[in-house]
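Worksheet: the structure to be examined is printed underneath.
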Amino acid sequence: EYMGTSLMLALHGALRGASARLAARVASLSSSATCRTGAKGPSEASERSVDQVDVLIVGGGPAGLSAAIKLKQLFAESGESERRVLVVEKAAELGAHTLSGNVFEAKALGELIPDWAEKGAPLKQKALEDHFVYLTERSSLRLPTPPQMHNDGNYIISLGDLVKWLGEQAEAAGVEIYPGIAASKLVYHENGAVKGIATNDMGLSKSGERKPEFQPGMELHAPVTLFAEGCRGSLSQQVMHRFKLRDGVAPQSYGIGIKELWEVDPAKHKAGRIQHTIGWPLGSDTYGGSFLYHGAENRVAIGFVVGLDYGNPYLSPYKTFQQFKTHPLIRSVLEGGKCISYGARALNEGGLQSIPKLNFPGGALIGCSAGFMNVPKVKGTHTAMRSGMLAAEAVATALKGRDTSDCAAIDIASYDAALRSSSIWDELHKVRNMRPAFQHGLWAGIAISGLETVTMGKLPYTLKLAHADNEAWQKADKAKPIEYPKPDGVITFDLLTNLARSGTNHEGDQPVHLRLKDPSVPTRINFPIYGAPETRFCPAGVYEKVEDDKGVAQLKINAQNCLHCKTCDIADPTQNIEWTTPEGSGGPLYAGM
């Protein structure tokens, strides 16, 4: 007999020790029905078992879980509460791969779950004061806080904790959630529409051979698949390419956000204070800045974001962050404290001009898979959640009264239209010129941003990013080398020490998930022309330049270090590095981030 989804996915998670909760489902769900449509059994192409649901969601972050909750609410209202909504998430548990600042705007949450406070949502610390500061190497100047960065009514939170809580609300509503499951491939109908996804095979060796514990993946089919993988999702990228969703829009631009969580001296903790800085240690030609948020319980979230169009191959975003912490203004907060967690994640910065078409036959992009971050506001969670809710409304309308037993693909074009007439679009339109303005340097960026603010986005032009981030690299012989101070082990840390605080781990004997399309490119191009930028832009020490026994430089890939930040997939000069999903449950295990 073929296993039902519940048991099959639970076994997948149990093979990697995904979580005690998931592993415990193996026994309790072994007798579950496979699906009400009866679509089960091995696929024609492989040994994979197949199951069908009404709506499949890839990614259990804010957008995916908001969509799932909203769908179950709407299905209940229409008398179709039996419809199945299933979420797969590659992290070992919900929130384990979630990293953000985060100052949270709660309006979208209030629309989704009006009684969130009574239900114990982890919004503990209200935002009380905003500081916006320009730094030089030894001094600081407090500037007026831009209107977009005022945080009255917002909360300083752990986004990972909020995601866990949203997962609880989703499960209570009847959503099926399976963490520790990596969606590795797209499955298509004969007519080319998306049919669903295939999960990773488990138990393959590094050479691709089956180990004794081998377990084939399974296929999950649905009339609609929502991709909520987050920034630079691997399947989302494939969908955009296949259906040409990016035709006619500006290239997406990205930043790399690097974060530490500290417990600080209570005497230095200012609960509710939010501080952002610009300037040192970045030059005026590089976009970026810092955040420092005083949350609850004497915890301070501190981080640094560098735009990935920075150009100089000698710049290390990680070492720049460590250098930033030596500034007297920052050091004074951290001295006497303790760093307890570390992580990194790429974020979308392209804004309105970079939003692709959102729908395609059989599915849609939601959240950061599409890119709705409001860069001047330094926020994207509320827009990600609202996009998931808008998609849910379009899906529920399309499915109402519909027999889905044939799994025929649905194209929810109404979602794209709804989003472009929503508050998300209006919000991003008002600030559309701000991030592109910084292509011309810090001071030009500030001036144009001020004009954009005064006119509330009504300028008669729209600036566009000139090129993709990977096209911005300077040649190494034209770039200026950068000397960074050595870490002191107290305020600043070497990379591997911090990496241990992320909890990241991957099964060593599995196929490497960071793949070179052409293995010769590092030695032919990246090393001699660009000075091996992959050894500096990665915030996890994945890429090393080493010599073989003949003294020839080679690229060593330490895939087990990977934080799933996606920087390499974005910034590699020739786009030769391809990020693919490792076995489910691998990667960071963030707590409180």
Worksheet entry | Looking only at segment 520-542, and only at residues there that are buried (at least 24 other Cβ atoms within 10 Å of the Cβ) and not hydrophobic (A, V, I, L, M, F, W, C), the one that is nearest to Gly303 (Cα to Cα) | Pro539
Worksheet item: Restricting the search to segment 260-286, which residues are more than 23 Å from Phe493 (Cβ to Cβ) and in a loop (DSSP other than H, G, I, E, B)?
Response: Lys270, Ala271, Gly272, Gly283, Ser284, Asp285
Worksheet item: Considering segment 104-126 alone, what residues qualify as being of a type in the set (Lys, Arg) and in a loop (DSSP other than H, G, I, E, B)?
Response: Lys119, Lys124
Item to complete: Could you check, for segment 358-374, whether at least one of its residues is open to solvent by 10 Å² or more (accessible area, probe 1.4 Å), touching a Gly at 6+ places or on another chain (Cβ under 8 Å) and outside any loop (DSSP other than H, G, I, E, B)?
Response: yes
Discussion item. I'd like to check something: does segment 258-268 contain any residue that is crowded, with 23+ Cβ neighbours inside 10 Å, more than 22 Å from the chain's Cα centre (by Cα) and within 27 Å of Arg232 (Cα to Cα)?
Written reply: no
Discussion item. Filter segment 287-314 down to the residues that are open to solvent by 20 Å² or more (accessible area, probe 1.4 Å), out of contact with any His (no Cβ under 7 Å at 6 or more places or on another chain) and assigned to a loop (DSSP other than H, G, I, E, B) and list them by number.
Written reply: Tyr287, Ala296, Glu297, Asp309, Asn312, Tyr314
Fill in: Per-region count, segment 95-111, residues in contact with a strand residue (DSSP E or B) (Cβ under 7 Å, 6 or more places away or on another chain) and open to solvent by less than 20 Å² (accessible area, probe 1.4 Å)
4
Response to the item:
Filtering segment 445-467 for residues that are farther than 14 Å from Tyr287 by Cβ and open to solvent by less than 30 Å² (accessible area, probe 1.4 Å) leaves a count of 3
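To keep it simple, each residue is scored yes or no on (1) of a type in the set (D, E, K, R); (2) at pLDDT 95 or above; (3) within 18 Å of the chain's Cα centre (by Cα).
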position: Ile156; (1), (2), (3): no, yes, no
position: Glu171; (1), (2), (3): yes, yes, no
position: Gly174; (1), (2), (3): no, yes, no
position: Gly203; (1), (2), (3): no, no, no
Fill in: Qualifying positions in segment 329-357 - open to solvent by 20 Å² or more (accessible area, probe 1.4 Å) and either farther than 29 Å from Gln252 by Cα or free of Cβ contacts under 8 Å to residues at least 60 places away in the same chain (or both)
Leu329, Arg331, Ser332, Val333, Glu335, Gly336, Gly337, Lys338, Ile340
Worksheet, complete the sentence: Picking from Pro122, Pro144, Pro114, the residue that is touching a strand residue (DSSP E or B) at 6+ places or on another chain (Cβ under 8 Å) and of a type outside the set (A, V, I, L, M) would be Pro144
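Here is a check on your reading of the model: is Leu358 within 24 Å of His429 (Cβ to Cβ) and touching a strand residue (DSSP E or B) at 6+ places or on another chain (Cβ under 6 Å)?
Details: within 24 Å of His429 (Cβ to Cβ): yes; touching a strand residue (DSSP E or B) at 6+ places or on another chain (Cβ under 6 Å): yes.
Yes; evaluated as a whole, the condition is true for this residue.
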Fill in: Residue in segment 60-71 that is farthest from Thr397 (Cα to Cα), counting only those that are out of contact with any Ser or Thr (no Cβ under 7 Å at 6 or more places or on another chain) and open to solvent by less than 20 Å² (accessible area, probe 1.4 Å)
Gly60
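Please give the helices (runs of 4 or more DSSP H) falling wholly within segment 1-103 in which 1 or more residues are modelled with pLDDT under 50 and farther than 30 Å from Met593 by Cα.
On the way: elements: 5-15, 20-28, 62-77.
Filter on segment 1-103 gives 5-15, 20-28.
Considering only residues that are among the basic types (Lys, Arg) and within 22 Å of Leu496 (Cα to Cα), which ones fall in segment 524-546?
Scanning segment 524-546 gives Arg536, Lys545.
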Fill in: Options Lys550, Lys566, Lys517; residue that is surrounded by fewer than 19 Cβ atoms within 10 Å (Cβ to Cβ), of a type outside the set (Ser, Thr, Tyr) and at pLDDT 95 or above
Lys517
Discussion item. So for segment 253-262 (the condition being out of contact with any Lys or Arg (no Cβ under 8 Å at 6 or more places or on another chain), closer than 30 Å to Lys379 by Cα and of a type in the set (S, T, N, Q)), does at least one residue qualify?
Written reply: no
Discussion item. Here is a check on your reading of the model: is Glu229 charged (D, E, K, R) and under 12 Å from Leu365 (Cβ atoms)?
Written reply: yes
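Could you grab me the full set of residues in segment 438-463 that are touching a helix residue (DSSP H, G or I) at 6+ places or on another chain (Cβ under 7 Å) and of a type in the set (S, T, N, Q)? Please lay out each step first, then the result.
Let us first name the residues in segment 438-463 that are touching a helix residue (DSSP H, G or I) at 6+ places or on another chain (Cβ under 7 Å), namely 438, 444-445, 448-449, 452-453, 457, 459, 462-463.
Result: Ser449, Thr453, Thr462.
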Practice prompt. Please state which of the following conditions Thr326 fails to meet, knowing it meets all the rest: (1) open to solvent by 10 Å² or more (accessible area, probe 1.4 Å); (2) among the polar types (S, T, N, Q); (3) within 18 Å of the chain's Cα centre (by Cα).
Written response: (3)
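Per-residue answers, yes or no, for (1) under 28 Å from Pro251 (Cα atoms); (2) at pLDDT 95 or above; (3) touching a Phe, Trp or Tyr at 6+ places or on another chain (Cβ under 8 Å); (4) open to solvent by 70 Å² or more (accessible area, probe 1.4 Å):
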| residue | (1), (2), (3), (4) |
| --- | --- |
| Asn470 | yes, yes, no, no |
| Trp473 | yes, yes, yes, no |
| Asp477 | yes, yes, no, yes |
| Ile482 | no, yes, yes, no |
| Pro485 | no, yes, no, yes |
| Ile491 | no, yes, no, no |
| Thr497 | no, yes, no, no |
| Gly503 | no, yes, yes, no |
| Gly508 | no, no, no, no |
Worksheet, complete the sentence: If you go through Gly363, Gly371, the only one that is under 17 Å from Cys565 (Cα atoms), under 21 Å from the mean Cα position of the chain (by Cα) and not hydrophobic (A, V, I, L, M, F, W, C) is Gly371
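Run down Glu137, Glu190 and say which single residue is farther than 30 Å from Gly587 by Cα, acidic (Asp, Glu), in contact (Cβ under 8 Å) with a residue 12 or more places away in the chain and not in a strand (DSSP E or B). Show your work before the answer.
Working: Glu190 fails: in contact (Cβ under 8 Å) with a residue 12 or more places away in the chain.
None of the other options fit; the residue is Glu137.
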Discussion item. I want to confirm something. Restricting to segment 51-72 and keeping residues that are out of contact with any Leu (no Cβ under 8 Å at 6 or more places or on another chain) and not aliphatic (A, V, I, L, M), which single residue is nearest to Gly160 (Cα to Cα)?
Written reply: Gly61
Worksheet entry | Among the residues listed as Ile557, Ile577, the single one being at pLDDT 95 or above, buried (at least 19 other Cβ atoms within 10 Å of the Cβ) and more than 22 Å from Val306 (Cβ to Cβ) | Ile557
Worksheet item: Conditions: (1) more than 30 Å from Pro147 (Cα to Cα); (2) of a type in the set (A, V, I, L, M, F, W, C); (3) modelled with pLDDT under 95. Met456 meets all but one. Number of the miss?
Response: (1)
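The values are calculated or read from the model by the stated rules, or taken from the named source; none is laboratory data. Values in this document were obtained by computation on a predicted structure and should not be read as measured data. Glycine also receives a Cβ, built like all others from the backbone with ideal geometry; neighbour counts cover every protein chain displayed. These accessible areas exclude ligands, DNA and RNA; they are computed on the full protein's heavy atoms, side chains included. Shrake-Rupley method; radii C 1.70, N 1.55, O 1.52, S 1.80 Å.
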